[in-house]
1. Tell me, which residue of region A:545-557 that is touching a residue at least 60 places away in the same chain (Cβ under 8 Å) and either at positive phi or open to solvent by 20 Å² or more (accessible area, probe 1.4 Å) (or both) is farthest from the other protein chains (Cβ to nearest Cβ)?
2. For region A:84-107, which positions are within 18 Å of residue A:368 (Cα to Cα) and of a type in the set (Ser, Thr, Tyr)?
3. So which residues in region A:65-83 are more than 25 Å from residue A:308 (Cβ to Cβ), among the small types (Gly, Ala, Ser) and open to solvent by less than 20 Å² (accessible area, probe 1.4 Å), if there are any at all?
4. Just checking, how many residues over region A:494-519 are over 22 Å from residue A:554 (Cα atoms) and in contact (Cβ under 8 Å) with a residue 40 or more places away in the chain?
5. In this structure, is residue A:267 modelled with pLDDT of 95 or more and surrounded by fewer than 24 Cβ atoms within 10 Å (Cβ to Cβ)?
6. Taking residue B:601 as meeting all but one of (1) part of a loop (DSSP other than H, G, I, E, B); (2) open to solvent by less than 40 Å² (accessible area, probe 1.4 Å), write down the number of the exception.
7. Quickly run through region B:642-657 and pick out the residues that are open to solvent by 70 Å² or more (accessible area, probe 1.4 Å) and either in contact with a Ser or Thr (Cβ under 6 Å, 6 or more places away or on another chain) or not in a loop (DSSP other than H, G, I, E, B) (or both).
8. Within region A:187-203, track down each residue that is within 14 Å of chain B (Cβ to nearest Cβ) and surrounded by fewer than 24 Cβ atoms within 10 Å (Cβ to Cβ).
Protein chains: 2
Amino acid sequence: MTTAHDDATTDEFSMASVDVEEVEQLLLGDFPDVRRDAREQMKDPQFHKIEGLSTEDQRERTYKQLIALTESGSVHRAFPAEFGGQDAHGANIASFEELVTADPSLQIKAGVQWGLFGAAVMHLGSHEHHGRFLPGIMDLSVPGAYAMTEFGHGSDVAALGTTATYDPQTQEFVVHTPFTAATKRFLGNAALHAKAAVVFAQLITQGVNHGVHCFYMDIRDDSGEPLEGITITDDGHKGGLNGVDNGQVSFDQVRIPRTNLLNRYGDVDAEGTYYSSIESPGRRFFTMLGTLVQGRVSLTGAAVSASKLGLVGAITYGNQRRQFNAASPTEEEVLLDYQLHQRRLIPRLATTYAASFAHEKLLAKLDEVFSGRDGSDENRQELETLAAAIKPTTTWHALDALQEAREACGGAGYISENRFTSLHADLDVYVTFEGDNNVLLQLVAKRLLADYAAEFKDADVGALASYVANQASDTVMHRFGLRRALQEVRDTGNERRSANWFKQPEVQHGLLAGRVRQLVADVATELRSVAKLSPQQQADKFNEHQYEIISAAKAHADLLLWESFTDALERIKDPGTVQVLTWLRDIFALSQIEDSLGWYLSNGRMSSQRARTLAPYINRLVARVRPHAQDLVDSFGFAPEHVRMEVASGAEKARQDEAMDYYRRLRASSEAPVDEKTLVDRKRAANKSRKK
Amino acid sequence: MTTAHDDATTDEFSMASVDVEEVEQLLLGDFPDVRRDAREQMKDPQFHKIEGLSTEDQRERTYKQLIALTESGSVHRAFPAEFGGQDAHGANIASFEELVTADPSLQIKAGVQWGLFGAAVMHLGSHEHHGRFLPGIMDLSVPGAYAMTEFGHGSDVAALGTTATYDPQTQEFVVHTPFTAATKRFLGNAALHAKAAVVFAQLITQGVNHGVHCFYMDIRDDSGEPLEGITITDDGHKGGLNGVDNGQVSFDQVRIPRTNLLNRYGDVDAEGTYYSSIESPGRRFFTMLGTLVQGRVSLTGAAVSASKLGLVGAITYGNQRRQFNAASPTEEEVLLDYQLHQRRLIPRLATTYAASFAHEKLLAKLDEVFSGRDGSDENRQELETLAAAIKPTTTWHALDALQEAREACGGAGYISENRFTSLHADLDVYVTFEGDNNVLLQLVAKRLLADYAAEFKDADVGALASYVANQASDTVMHRFGLRRALQEVRDTGNERRSANWFKQPEVQHGLLAGRVRQLVADVATELRSVAKLSPQQQADKFNEHQYEIISAAKAHADLLLWESFTDALERIKDPGTVQVLTWLRDIFALSQIEDSLGWYLSNGRMSSQRARTLAPYINRLVARVRPHAQDLVDSFGFAPEHVRMEVASGAEKARQDEAMDYYRRLRASSEAPVDEKTLVDRKRAANKSRKK
């Protein structure tokens, strides 16, 4: 597999290996025991999704799974110790995301109950609310919905239409749906099981709208009928997650006690006067929404797990399945020996590793913030930006990896027993819920632009312009040693020299970070002069760069993944493993760069000679990692009870062995038919020799 | 929307419009009446998929739909007139692909019965077979399976394991499954309904294996039980198409009459002597397989229709749905006014148009070949290569367009009533069945390489090398006027000049065709010296370039789509429509070029100054097409009964209007609450003036 223009030495090839145990431990992150416990629990068949059930049966089954989970107590870690929880936020999510291997519907229905409904009471309510509501939420005697999204507003929560108007006469809030578009929609638990809900509505008192607040409301009576003034309808069948009963809820002047306002960040006294510890209505709103970040973090973890499952299936099958005999008349090629197959699966394996490491960083940050170890505003915002960048990248990656894995298994990939299509269908909505991916990327981009503006607050336009012009050659190069790297290697198009350049972490970082930096700088420069324009013109100008802005945010997320992967490499002890995972990290980096190669070239970040060597180098890298591909998916640490795919069960190898054995015995016997083709060839040869 | 550096004149903007009727007619292709009839029939609710049914109920429903279709007679067009058909091959497929709007399971189950099972009898059987089998196939009294694929072999049909060994004693073939991997799998109709099957097996007689032939076999008795020696099992639940009952079939020494061999291309006489009109076993095999091309063509058409449905949904919704108020305090923006939304949907609309035009070309070619107007070997091979290129591109595009459309509708896109997820799930398998997309692309690439080799048969290596080196500057440029184009415009990075360059069809063709040409030439050069190597080394060498080879085939397909789109433009009369569709064609071309920009730059096909203007130019083009987007999807000519999506029903507009009306009336009344934010701003302003 080595070639003359290869950058790797024979030693590097021979020492490369994967210490599966060490990598498995590394991938378990900061909460290995919690994860192991959760995986152990998820081996139980009662939690496993059954394909092809009717919607009704699937909902019923998921509800029963939820009861079983409740009884095990494993889902209460995030709640206060006072109520039987452990105040353990990171561990809670680490455990929670493992549910996805059993059934994504279970994960999401559990997430609605404890991660959204319960978490809203915990984070937005007072201690008194905790005492009143948490016990019923925790033991599932009060299933609940998280009533935020409306027909008319999903991403723009501040503009929700539902109103909660205070009536001092009776000391009640009157909750109301003033028009159809204000009907709550897509609420998990609402169609069937929810007895209560946390309802987000515009709080109006004394003629003033104080913005969106959260109210605890009973919505069904003990017989399961909607309470008076409340209309509930079923969202119906969905593309996936049909174990979750999503529904629509509207309110016709429904009265609730004043004390049902979850009042941690804003309260109304008996007379109707509004109080809040946070003066700015904007900041108050974002503080309340900030508690949503947990959902994004847990979806990220679940998406990474689903990507891993997909690759376990496709890579195991690719190592056993044979098709076409290119080199031998009797033995067919194993799929994963085809370059195209390597190119389809191994870069996705690299991204999965990068995503897994990035998710662990995010989880650690969440634990830091929610445990109060560093709950500062700044750290909180950092967590939110990090989640807003990594959630889109990982959830889109999961769909991409599952789809490619399914296609790489051909028809077998389409059969539900192999779970690719089922996981894809269930995970599909992860890219648009809990923050639509593209909307989250806009938040990231705005933060990047704000940071950039802050850095150059005192610089004048001229200085800024020259910074933009020079940064490729100065700042970036100095910071990451790029200049040295550039000087060392001449652009002769020599493949080995090029490879030696591409494999340097400083070069990879310089390219990835330099791209983020320049994209941000370019947009910032374009937007500098907008302050004087009308709101319409400002909006137009911003819109003209929206596509570019989103590219910057995506590039930023790629960089975060790269940094997480690179950090993880330093924690590995076994040198053979370091070698293989370094190749894998390089594949991740270079695949991202290959995807944006046009940008790198048109912005003078790379010569065209060097660019031409990139694809062949990636081809060589995937071939190098190929012998270790099985170890790399085995390191995910899933047991057969988690994988549950025929393609990963070894059945294909047994079939191939049986077939090869049959043909071997046939050839050895006297009964083997001769191929007509062989006869034709013999005849042709005989004719030829006769002519001579 | 026009800007200073725009290439389009004010006149062009003002005249741009879409003559919906003319475009609709154009898109209906060569068989407008047949298509209209089929669409009329598909308005009937009995043919419409119902979401969320159990597998059992869905299979039952699809079978009933098939009976209804049979009664209408609309599915018999391809069969001989003698048996009640019309010998109309192109029209048959044009009609057949419209079924997808009703229910893809119906399309595929119908395809199995008449397009595969029936077509095998028709194309591989003799006139006597037609008389014996076609009537029962046509009237569905004999539902059948197409038993080609096995556990062990899907793409490599020549290596099937099932054997049919001739026994001259009884004048029977003995059909046998010698090992597990030779079990037939994924056979539509097999799990429940098939009474018979056409079975592909290695024909062995007199100790010689004559390769894969096709046999007609009964597989179930009248009570529905498998016949003796035949084992049938259910493939189970799938990622989609659960109206089709796929199953597995194996044979234990099952005897069938000699005359059940479908003997058009090869026959065995009573004594066991084999005869064939085609001497070469290889050519004979490919001739038999050639009849499969119909399936590929019809999947292409269905994929184009599904892409259209997805875009009707997402673009209609994007024109009505509002979110965030960037420019106005009271009115929110329509989604399709966001640049990102335009970038997500309009290039996919352009590809859909290109794919639609390319499919019509393919269909015309199929009709030419199968009608016998030009059934020459050469034309047949051209048809097969064309289908092998266009089927992958269009089926992948369908998945991509449906997924993006679903995401562009947010949560609503995930609800089954909007059909995006359902269509995606059903169409998913189109990319790996009837020829795995990547395997088909390899066939295309091999043909490109063969054509290239033929062209340079007599050239020596030196001449070839210099051709490769010079072709960018010579051949391509002369052929497509690129040199002139290059000379006219200087690379100053001037956006208007660049746009004027990019919009020239000669330039677009030169770039797209030049890429195919060079990719092929590069690989051909690398592979020139392999003839002397061992089979293993040859295989390795080929494998080292597999990824590049597939890129060449994909680039070739893009070029075919571009040419079809460009040809179609010449058939449009209305100048406003020509303008809009030309922009759309440009978007298609430039999006493909943008996707491979790294290649164009690193191969010196474009300067970096010019490359930097490409993305902004595409941004402007999508904004130009945006006002016509609704007309462009309305031109697909679907009635509400075909679309059946809540997002495309106008319901969203009604909800938005109601909400806006509510707020308008509230503002006009004295009851509107004041926003806290407004109060804060007022207070701040008052404090400021007090300080003065």
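The values are calculated or read from the model by the stated rules, or taken from the named source; none is laboratory data. Bear in mind that the values here come from a model prediction, so they are computed numbers and not experimental data. Every residue, glycine as well, gets a Cβ built from its backbone with ideal geometry; the counts of neighbours run over all protein chains shown. The area values use the complete protein model at the heavy-atom level, side chains included, leaving out ligands, DNA and RNA. Shrake-Rupley method; radii C 1.70, N 1.55, O 1.52, S 1.80 Å.
1. The extreme case among them is A:556.
2. A:95
3. Start the filter on region A:65-83 by keeping residues that are more than 25 Å from residue A:308 (Cβ to Cβ), which leaves A:67, A:70-71, A:73, A:76, A:79-83.
Subset that is among the small types (Gly, Ala, Ser): A:73, A:81.
Across region A:65-83, there are no qualifying residues.
4. Matching residues across region A:494-519 total 8.
5. Against the criterion (modelled with pLDDT of 95 or more and surrounded by fewer than 24 Cβ atoms within 10 Å (Cβ to Cβ)), residue A:267 qualifies.
6. The single condition residue B:601 does not satisfy is (1).
7. Result: B:653, single match.
8. A:191, A:202 - these are the residues of region A:187-203 that are within 14 Å of chain B (Cβ to nearest Cβ) and surrounded by fewer than 24 Cβ atoms within 10 Å (Cβ to Cβ).
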